[in-house]
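What follows is a single structure, written as structure tokens, with notes after it.
What follows draws every value from the coordinates through simple rules; no lab data is involved. Worth saying up front: this structure is predicted, and the values here are computed from it rather than measured. Cβ sites come from the backbone with ideal geometry, for glycine too, and all protein chains shown count toward neighbours.
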Amino acid sequence: MRRFWARFHNVFDGGRAEWELAREVESHLALLQETFERRGLTPEEARLAARREYGSIEQAKELHRDTRSFPWAEQLRKDLRYGWRSLLRTPGFTAIALFALALGIGANLAIFSVVSAVLLNPLAYKNADNLVTVLHHGTGPVSPANYIDWRDQNRSFEALGAAEFWSPNLVNNDPPEHLLGLHVTQNLFPMLGIHPLLGRWFAVGEDRKGAEHEVILSYSLWARRFGSDPKILGKPMDLNGEEYTIVGVMPREFKFAPFWATGSELWAPLAFGDRIEERSGNSLRIFGRLKPGVSLAQARAEMAIITARLEKRFPGTNREIVVTPLKENVVGNIETPLLLVLGAVGFVLLIACANVAHMLLARTGDRKREIAVRAALGASRGRITRQLFTENLLLAGGGAAAGLLLAFLGTKALIAASPVYIPRVETVAIDGRAILFLIGITALTVILFGLAPAIRAAAGNLSGSLKEGGRAGSDSMRRNRLRTFLVISEFALTFVLLVGAGLMIRSFFALQSINPGFDPHHVLSMIVSVAGSKEADAGRREIFYRQLIDHVRALPGVQNASGINHLPLAGDLWTMSFAIEGRPKPRPGEAPEAVYRIVMPGYFETMRLPIVRGRAIGDRDDSRAQGVVVINEQAAVSYWPGKNPIGERIAMDGIGRLTVVGIAKNAAEEDWAAKPAPEIYLSALQSRDFLGDGGAHMAYITLVARTSGDPAQLSSALKQTVWSFDRNLPISDVLTMEDAIANKNAEPRFEMFLLGVFAGIALILAAVGIYGVMAYSVSRRTKEIGIRISLGAARAEVLRMVLWQGVTQSLIGSAMGAAAAFLLANLMEKVLYGVRPTDTVTFLSVGAILSAAALLAAYLPARKATRIDPMMALRNE
Amino acid sequence: MSSGEGERIAVLQGTLDLIVLRTLQTMGPQHAYAIATRLQQVSEDLLHLNQGTLYPALVRLEQQGRIKGSWRKTETNRDAKFYAITKAGEKALAEETLRWRRMSGLVEKLLSEGA
């Protein structure tokens, strides 16, 4: 054991041992020489005699080395040193190869670390793999009575908790703030298993009506509004004018809910009160933890039985209830784009490998003579392969080190540049798994780019190389085939990447050309909340809203202004079913349904949303007039096909009878690219909910203003106008309509950007590859071309010959790439809009771009070929 | 190791360490050249080794902690690495000697009985 460590130590400290050995041998020889001198020999004779007596010095040293450390390690050390020196001898090659590898490895590591954090790591709750959601269609909300029935009837879940959106105003605390939070059932936090940093979870019974005025804060809210006060527990907090007691603060990393209402900063108990019987108002998100040993399939089967039973008793209330793993809801949308980008960087790395392999082949060509000499001196073929491979290992190691640095900076830049919130992106780090990945791809890389050239180089014909003096007029056919194969595969890979990027670009332009129905330019919006203020009172709210809009209209630079409950594309989306008068009562669950928005007079004019028939909602549509509604074209087509809906009447629960007075153009609703759905607009002046008679759940208005100039410039003037009424009114979500659209399209734009960048890198690498191969091939064929020219070949013919070689390779590569892209096409389907993944235009354009790049890359060497002076060429060889 | 040199015998595998240790025990600290010379003298030139082949044994023994090398001056005022036997070396020598005696006795016995 002791000897093992001594040997091990010598692997790394070989220099010292080597020096000692030399010194010892020298002294040994000196002593021998002395002896011979004493016997009467001259110093010179004695020196020679000593040498003879001693035997081979090199052999002795070699024996010494083998014994003092491990032979293989000793060899590796030597190979590394040798490789290092030979890499330094060709700094240009080394720099380019390192750059290509660092780029490939770094990009892969960066994207992988995002994939690892976002897709692979479990969610940050206790045993998060057992957490599921139970929702309509997997994502939609659920009613209180259904939740209670499921909770009480199931045997699959350890716990089933509910959460409901809550956005209270923090008042009597300057500045006032509109907060995002959740009402949660008492069992929800214990189910997640994350303990508060301070204080406690809600206690049993605290989610009963009357006992629910307690609140748990997020770390960020605690820090922002309470200066991280360590004695915060038990202190009061004024929300919507009601007093809450702070009972806990969650740790910094804690986030809930993870896929919807992700910005929640405070949690209060969810008390159902009278709503316990409510079966049609869907507002709860249900979270569950599977019992140990219960599988997802078992839970799904049980829920199917329970909901089928409830559906029979309460038709239309329990359809399509889906149990989904929580994680799937969190990362489901981002999975495809992320994997797509990971695939793209994988391609970039392959191309980088092909490029480095090229350069290595060219280099071993130049090093033929050196290799032959080593072989002649007794190095075995395996030994030479190992030596060259070690050199490649050094390259890959250097590339990996630089790649690590690049990935470290790259992930930071990527997260900063990402215009969309990628769930869990804040947990991205170069962790153990990422390092394992790095080691893995580095090993793969070195095998891909380094193995074949090393074997090929060592397999050269020894005597042939020596005779040719390393210049080899006849490059071996096999090596040429390998190079051609590399170029072709580079083009094929680049083709696939360019198709991906091209499709994203086409899809993006298709998205850009969508008409939202209204004019989104020069529109500014902001949410003004009145909850907890004196403006919230039922009597005062209508006057306040009207006066506010009048004041805004009077601002210089404002052309028009109005209000709405939820702004399209940015706000919430509420739907409601209704009945059409004069038609048979529809079966439960099959009544007409529509998105409904509540608008102040002037909304259609302000948004420039055209009324195609009838009239818009105006000032006179108030509580004294008959109830009116404007529907969109889609509602007209869906519910009054072939008829004129103007003058028709509908009835809505809790609102009453409404007469259709106008048809508006279809407008964007929630998703930018979604097909239009039926939508109805109610008059705010006729809505008791909106004006404050229906409780606190709608105590806000989204102000919209059309401006003559840049809308963002007017935001402070608008805020001042609001605050001139009451300094205590929270303003939030200040947004131009253009930004709202940009936010909706941020993800495809980001994906397009990433794929575009990677495809661009790939194109450059492939062009460099073909340039390298052509330049090398021309320099190898100098003699042949010289002979052709001297025999009368026209220079144009030479040019054509060389160009043709480059273009054929790119064409073959493109054909293979097109086939591959065709096969991979359906992977893209999910992220594309308005363009098929096998889009002909994209494929043809990519082919053209690649051919152009190949022509350009081949042109420079080709021109050089035409300038070959036959006399010089022949003399040189 | 040299073989086929007429009557000279090659060092039996594994015995070189034993011989070196014994030499150092009887003669005190010695440099490699002196050890090699001593071996030739004792064996009356029957034992022949390329002097360079002594090094692996010295390295091995030193790594095992049985001898310790240090740089000193010879009588003729030259630098040389002198090796001295350590306590562990003494112990190993005793064990190895015993083992060798048993082994050679056994071989001797077998050979004489078989004759």
> Looking at the protein assembly as shown, what % of its DSSP beta bridges pair antiparallel, to the nearest 5?
Replying inline: 80
> Of the beta bridges DSSP finds with both residues in the range A:138-319, what % are antiparallel, to the nearest 5?
Replying inline: 75
> What are the ³J(HN,Hα) values, in whole Hz, obtained from phi via the Karplus relation 6.51 cos²θ - 1.76 cosθ + 1.60 with θ = phi - 60°, for each residue of the range A:521-526 in sequence order, with x given for Gly and Pro?
Replying inline: 7, 6, 10, 10, 9, 7
> Any idea what the relative contact order of chain A is, in percent, if you count C-alpha pairs under 8 Å spaced at least 6 apart?
Replying inline: 15
> Just from the alpha-carbon atoms, what are the Rg and Dmax of chain A in angstroms?
Replying inline: 37.8, 138
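What FRET efficiency do you get for A:Ala674 and A:Arg383 if R0 is 51 Å and r is their Cβ-Cβ distance, rounded to the nearest 0.05?
The calculated FRET efficiency here is 0.20.
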>> As a quick test, which of the pairs A:Lys235/A:Lys255; A:Lys61/A:Lys368; A:Lys534/A:Lys719; A:Lys61/B:Lys73; A:Lys209/A:Lys585; A:Lys675/A:Lys744 have an alpha carbon distance above 25 angstrom in this structure?
In response: A:Lys61/A:Lys368; A:Lys209/A:Lys585
>> Taking the alpha-carbon distance from A:Lys231 and a cut-off under 17 Å, which lysines remain once sequence neighbours fewer than 8 residues away in the same chain are dropped?
In response: none
> Per residue of the protein assembly as shown, what 222 nm ellipticity follows from adding -39500 (n - 2.57) for every DSSP H run with n ≥ 4, rounded to the nearest 500?
Replying inline: -17500 deg cm²/dmol
> Can you work out ³J(HN,Hα) from phi for every residue in the range A:203-208, in order, using Karplus 6.51 cos²θ - 1.76 cosθ + 1.60 and θ = phi - 60°, giving whole Hz and x for Gly and Pro?
Replying inline: 8, 4, x, 6, 9, 8
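Could you compute the FRET efficiency for A:Ile455 and A:Asp129, with r as their C-beta to C-beta distance and R0 at 45 Å, rounded to 0.05?
Efficiency computed from Cβ-Cβ geometry: 0.50.
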> Just going by the charge dipole of the protein assembly as shown, with Lys and Arg at +1 and Asp and Glu at -1 on Cβ, which of A:Asn127, B:Ala32, A:Ser56 is farthest out on the positive end?
Replying inline: A:Ser56
>> If R₀ is 51 angstrom, what is the calculated FRET efficiency for the pair A:Lys312 and A:Leu811, using the beta carbon separation as r and rounding to 0.05?
In response: 0.20
> Toward the positive end of the charge dipole of the protein assembly as shown, about the Cα centre and with charges on Cβ (Lys, Arg +1; Asp, Glu -1), which of A:Leu326, A:Gly582, A:Gly806 goes farthest?
Replying inline: A:Gly806
> Amide H neighbours of A:Phe518 under 5 Å, counting only residues 5+ apart in sequence or on other chains, H built in-plane at 1.01 Å?
Replying inline: A:Ala668
> Counting only complete DSSP H runs, which helices of chain A cover 15 Å or more along their long axis at the Cα atoms and score a mean Kyte-Doolittle of 1.6 or above?
Replying inline: A:91-115, A:432-446
>> Projecting each Cα onto the charge dipole of the protein assembly as shown (Lys/Arg +1, Asp/Glu -1 at the beta carbon, about the Cα centre), which of A:Gly106, A:Met526, A:Phe256 comes out farthest on the positive side?
In response: A:Gly106
> To the nearest 20 debye, what charge dipole does the range A:2-69 have about its Cα centre, counting +1 at the Cβ of each Lys and Arg and -1 at the Cβ of each Asp and Glu?
Replying inline: 340
>> At 7 Å along Cα-to-Cβ for each site, give me the label-to-label distance between A:Ala401 and A:Ser418 in nm.
In response: 3.0
> Using modelled backbone amide H atoms (1.01 Å from N, in-plane), which distant-in-sequence or interchain residues come within less than 5 Å of A:Ala561's amide H?
Replying inline: A:Arg706
> Each residue of the range A:581-595 in order: what ³J(HN,Hα) in whole Hz does its phi give by Karplus 6.51 cos²θ - 1.76 cosθ + 1.60, θ = phi - 60°, with x for Gly and Pro?
Replying inline: 5, x, 10, x, 4, x, 5, x, x, 10, 5, x, 9, 8, 5
